[in-house]
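Working notes for the structure below.
The values are calculated or read from the model by the stated rules, or taken from the named source; none is laboratory data. Every value quoted in this text rests on a predicted model; they were computed, and no experiment measured them. When we count neighbours, we look across all protein chains shown, and the Cβ atoms used for this are built from the backbone with ideal geometry, even at glycine.
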């Protein structure tokens, strides 16, 4: 009996709210509904982005370039200089390059080293990137730096003896050149070995702190100064191809590795960090805090302005508890209306995110919208309503029907 009465009072509250929406002054209710809708749309879109990143979904672009990376990597490409590495990379990359479907294959080694310009005594930590420049005059770019100034092949490797010709050639980003006060022809030293700047180019990966200083050189020489000659180590394997059928071959090269497209590498690396979970958690907390405060404030104003109607209910025999239940029903109905609109808007925002990521990043599905995400949005909506309800309910309890009617 009690449950039936409570449900009836909640339904009455819902009908009262819908009546105010159709009334002469619905501005306050409309504003509250829009506020909830924006909040829920925000959390749905951010959570969809988090799910997309966490799923490591990468959709191939027209230029199918693959990276083979250790699956236990937990940081971004720029900073992942001390994580798990691949072994025997010269032999493996040569075997991959022998496939007629592959245009070019090279290991990529990252080493964050202190580099010095002896002529000026300037020194700075620079991200040394080791690759095997393509043969036959072909060129490629890594981190925006061209391999064109580097001699083809990897002469210092010498079939694994690491006693071949030392070229010392580097292509240096303008950021690194500025830190080292270096230019074309400058001699640089690191780990007791000498390098010569072949060319200074604009490029290098960017972070929130700016452009990372980068220098591009031959793989074996970077291995020598980074301590990666034992086992012939590198961080990733880059494969340039226009044939997506190469992927199964790459997946069988090493155990415990992921194969992602070049355009999807950033998303895959981010997804292995805690960023997706942090995004989803932050969106959840912000939605509850902002949504709850907004609804509580606006519904409080509505209750204050509707005191005469509440007093009328009291005069008709509704107890204080019954009037409070009616107000709770109004609050929950308001949040549900806003939540349903917010879920729909959030789904549209997910599509917009994917369209923008396809256009500018080459990743076709950066965010996802599984059916469960709609349910999650509704759950967020109910929680917002439950958090917001106590304040307008408290105001309704304080309303004295006799005082209001006599006033």
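Structure summary
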{"item": "Exclusive hit being at pLDDT 85 or above and outside any loop (DSSP other than H, G, I, E, B), set 260, 285, 303, 270", "result": "285"}
{"item": "Qualifying positions in segment 99-143 - closer than 21 Å to residue 247 by Cβ and out of contact with any strand residue (DSSP E or B) (no Cβ under 9 Å at 6 or more places or on another chain)", "result": "100"}
{"item": "Any strands (runs of 3 or more DSSP E) falling wholly within segment 161-250 and containing at least 1 residues that are surrounded by fewer than 22 Cβ atoms within 10 Å (Cβ to Cβ) and assigned by TED's automatic domain parsing to the domain that holds residue 139", "result": "169-173, 187-190, 193-201, 236-241"}
{"item": "Filter result for the condition that a residue is assigned by TED's automatic domain parsing to the domain that holds residue 393, at pLDDT 75 or above and buried (at least 19 other Cβ atoms within 10 Å of the Cβ), over 326, 341", "result": "326"}
{"item": "Filter result for residue 136 (modelled with pLDDT of 90 or more and either surrounded by fewer than 17 Cβ atoms within 10 Å (Cβ to Cβ) or within 28 Å of residue 252 (Cα to Cα) (or both))", "result": "no"}
{"item": "Residue 402 at pLDDT 85 or above and either part of a helix (DSSP H, G or I) or surrounded by 13 or more Cβ atoms within 10 Å (Cβ to Cβ) (or both)", "result": "no"}
{"item": "Flag for residue 146 being touching a residue at least 40 places away in the same chain (Cβ under 8 Å), more than 37 Å from the chain's Cα centre (by Cα) and more than 16 Å from residue 222 (Cα to Cα)", "result": "no"}
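Residue by residue, here is whether (1) assigned to a strand (DSSP E or B); (2) under 16 Å from residue 215 (Cβ atoms); (3) at pLDDT 90 or above; (4) touching a helix residue (DSSP H, G or I) at 6+ places or on another chain (Cβ under 9 Å) holds:
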{"site": "72", "(1), (2), (3), (4)": "no, no, no, no"}
{"site": "84", "(1), (2), (3), (4)": "no, no, no, no"}
{"site": "91", "(1), (2), (3), (4)": "no, no, yes, yes"}
{"site": "94", "(1), (2), (3), (4)": "no, no, yes, no"}
{"site": "105", "(1), (2), (3), (4)": "yes, no, yes, yes"}
{"site": "113", "(1), (2), (3), (4)": "yes, yes, yes, yes"}
{"site": "123", "(1), (2), (3), (4)": "yes, yes, yes, yes"}
{"site": "126", "(1), (2), (3), (4)": "yes, yes, yes, yes"}
{"site": "129", "(1), (2), (3), (4)": "yes, yes, yes, yes"}
